[in-house]
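In what follows, a single structure is set out as structure tokens and then discussed.
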Amino acid sequence: MPRARVDTRSEIREIAAELFARRGYDKTSLREVAEQLGITKAALYYHFPSKSDLMRGIVQPFVDDIELLLTEREAEPLNAGRFLADYFEIVLRHRKIFELIVRDAGALAQLDVVEQLLSWRERVYALLVGAQASPAQIAKATVAVGGLQDCAMSEAPTEDFRDAALAAARAALES
């Protein structure tokens with residue numbers, strides 16, 4: 001029986017992200033991804049010529065969204081509350097990808113995005129507390145952003161939880 005028409009690339013990315021997050025990038029084979037999807041390995045290779053191309057396809061939408069947010073906010077006067085809310089929403093939207101990044105950071109080394117991910121931290125600090133921030137200010141920004149990331153990773157955050165997380169992040173910056 002032929003497969004129903006679906007966005008195969010998206011389906012591959014979704015299943016692979018789940019498997020990579022659960023088992024690890026190195027311990028998950030493309031054969032396992034194909035089997036989980038009910039497609040041939042050749043069909044998988046048609047969409048993603050290599051495992052690293054697949055990983056890049058999984059991570060790139062998250063990278064693009066964060067990059068766009070930072071670029072937009074760097075071009076305008078900062079509204080810290082708005083930035084934190086938008087950042088939270090991006091991490092929440094890409095939480096499976098973020099979980100994969102946190103659990104298997106070594107897999108990212110093959111994608112040439114590690115430097116970009118690390119540069120985000122400096123850009124976020126510059127936005128939230130200024131380029132010449134003191135260690136105390138950097139610590140506050142780290143707590144605010146890191147706490148938001150952790151909150152976005154919690155099981156299905158409710159609106160009340162989201163509001164509380166954002167209030168806590170703002171308070172961390174202001175204390």
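Could you check segment 78-87 and list, in sequence order, the residues that are open to solvent by less than 30 Å² (accessible area, probe 1.4 Å) and at pLDDT below 95?
Within segment 78-87, GLY81 is the sole residue that qualifies.
So which residues in segment 127-144 are without any contact (Cβ under 8 Å) to a residue 24 or more places away in the chain, part of a helix (DSSP H, G or I) and surrounded by 13 or more Cβ atoms within 10 Å (Cβ to Cβ), if there are any at all?
GLN137, ILE138, ALA139, THR142
Among what's in segment 25-77 and is of a type in the set (Gly, Ala, Ser) and part of a loop (DSSP other than H, G, I, E, B), pick the residue that is surrounded by the most Cβ atoms within 10 Å (Cβ to Cβ).
Across segment 25-77, the extreme among qualifying residues is SER29.
Tell me which residues, restricted to segment 127-139, are at pLDDT 90 or above, at negative phi and out of contact with any Asp or Glu (no Cβ under 8 Å at 6 or more places or on another chain).
Correct list: LEU128, VAL129, GLN132, ALA133, SER134, PRO135, ALA136, GLN137, ILE138, ALA139.
For segment 102-120, state whether one or more residues are in a helix (DSSP H, G or I), open to solvent by 30 Å² or more (accessible area, probe 1.4 Å), under 23 Å from GLN137 (Cβ atoms) and of a type in the set (Gly, Ala, Ser).
Yes, segment 102-120 contains a residue that is in a helix (DSSP H, G or I), open to solvent by 30 Å² or more (accessible area, probe 1.4 Å), under 23 Å from GLN137 (Cβ atoms) and of a type in the set (Gly, Ala, Ser).
The values are calculated or read from the model by the stated rules, or taken from the named source; none is laboratory data. This structure is a prediction, so every number in the text was calculated from the model and none was measured. Ideal geometry is used to build each Cβ from the backbone, glycine not excepted, and the neighbour counts take in all protein chains shown. Areas reflect the complete protein model, heavy atoms only, side chains present, ligands, DNA and RNA absent. Shrake-Rupley method; radii C 1.70, N 1.55, O 1.52, S 1.80 Å.
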